[in-house]
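The structure appears right after this line, and notes come after that.
Just so you know, all these numbers are worked out from the coordinates, no wet-lab data involved. Fair warning: this is a prediction, and the values are worked out from it, not measured in the lab. Cβ sites come from the backbone with ideal geometry, for glycine too, and all protein chains shown count toward neighbours.
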Amino acid sequence: MTLAVAANPVAAAPARTSLNEVASWGYQLQHVDRELVAASHYDLMVIDFSQDGSAGTAFTWAEVQAMRRKPDGSSRIVLAYLSIGEAEDYRSYWQDSWAASPPDWLGQENPDWPGNYAVRFWDTHWQSVIMGSPDAYLDRIVAAGFDGVYLDRIDAFDVDHPSLPRATRMQRMAEFVSAIAAYARGFEPGFFVMGQNGEELLDNTAYAAAIEGVGKEDLFFGIDGDDAMNSTGELRASLGPLQRFKASGKPVFLVEYVSTPDAMARVRKNAAVLGFPLFIGNRELDDVRSR
């Protein structure tokens, strides 16, 4: 299959070769201002592939290249956010007819995030929405010149389904991410793939091999509210696989949604001890500036 990439007169920014070079990162999915991204100090930025989530406002190749260059002329890694465990009704793939007649792979709306719907992520029809044609989500991201993808809803294997036990759902997610990585790297050998959350899956050898890094939300705070500290048990359950992953030579990135001075001081101190680059933001992820 051939990926259609238009000729571009703008020179590509130099590429970083490893996520281990990243000391700071930013994460913004709403109201992305490409000039603010370009002017930021971050070594890594995770953004949506478009300004409002639709194909019509997708960032161009030239705009992505501008965001890949830091003010001092060095390179910044820019990853495109890609949800693979839920469908979003504001994406170009969404069809209005699904409200009355949803496809077999489409499930219930997420009550915490209106407009986001569970999917049978192992279904080949859903996977063809993600990759495999010029109009597919991943294909558009590769063609736009992003350095890689930041995969969300890896933890969708926790959504119960009567036809598949949890262990099988975990294996299917590992296979899906591995397929995404292999497909994208067929076009761009240095394409980065990061997974968000679902850290239990890091003990799956195939999944851990397919990704170059992992992002973790709410490690220290947030399970019971943005400024509520997580229990020791919750922290240990997540920290174990994250530390094993880091010990394997791959980085872990944290995002915490805290606002009080005490909480911010705690997460900064703990992240520094662990050696995990930290971004502190609001849960809407609508501001490139860390708190």
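Tabulated data
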| quantity | calculated |
| --- | --- |
| Environment charge of TRP25, counting only residues whose C-beta is closer than 11 Å and scoring Lys/Arg +1, Asp/Glu -1 | 0 |
| For SER24, residues with placed amide H under 5 Å, excluding near neighbours | ASP43, LEU44 |
| Contact order normalised by residue count of the range 232-291, Cα under 8 Å, 6+ apart, percent | 30 percent |
| Nonlocal amide H pairs with SER50, under 5 Å, H built at 1.01 Å | PHE59 |
| Whole-number percent relative contact order across the chain, with pairs defined as alpha carbons under 8 Å at least 6 apart | 18 percent |
| Linear extension gain, THR168 paired with VAL273, 0.36 nm per residue minus alpha-carbon span | 34.3 nm |
| Stretchable slack from ARG236 to GLU284, in nm (0.36 nm times residue separation minus alpha-carbon distance) | 14.6 nm |
| Length released on extending from GLN30 to SER133, taking residue separation times 0.36 nm less the Cα-Cα span | 34.5 nm |
| Per-residue HN-Hα couplings for the range 207-212 [Karplus 6.51, -1.76, 1.60; θ = phi - 60°; Hz; x = Gly/Pro] | 5, 4, 6, 6, 10, 9 |
| Top positive-direction residue, dipole computed over the chain with Cβ charges, set ALA99, TYR207, MET173 | TYR207 |
| Shape category assigned to the chain from the gyration tensor of Cα positions, a/c cut at 1.5 | rounded |
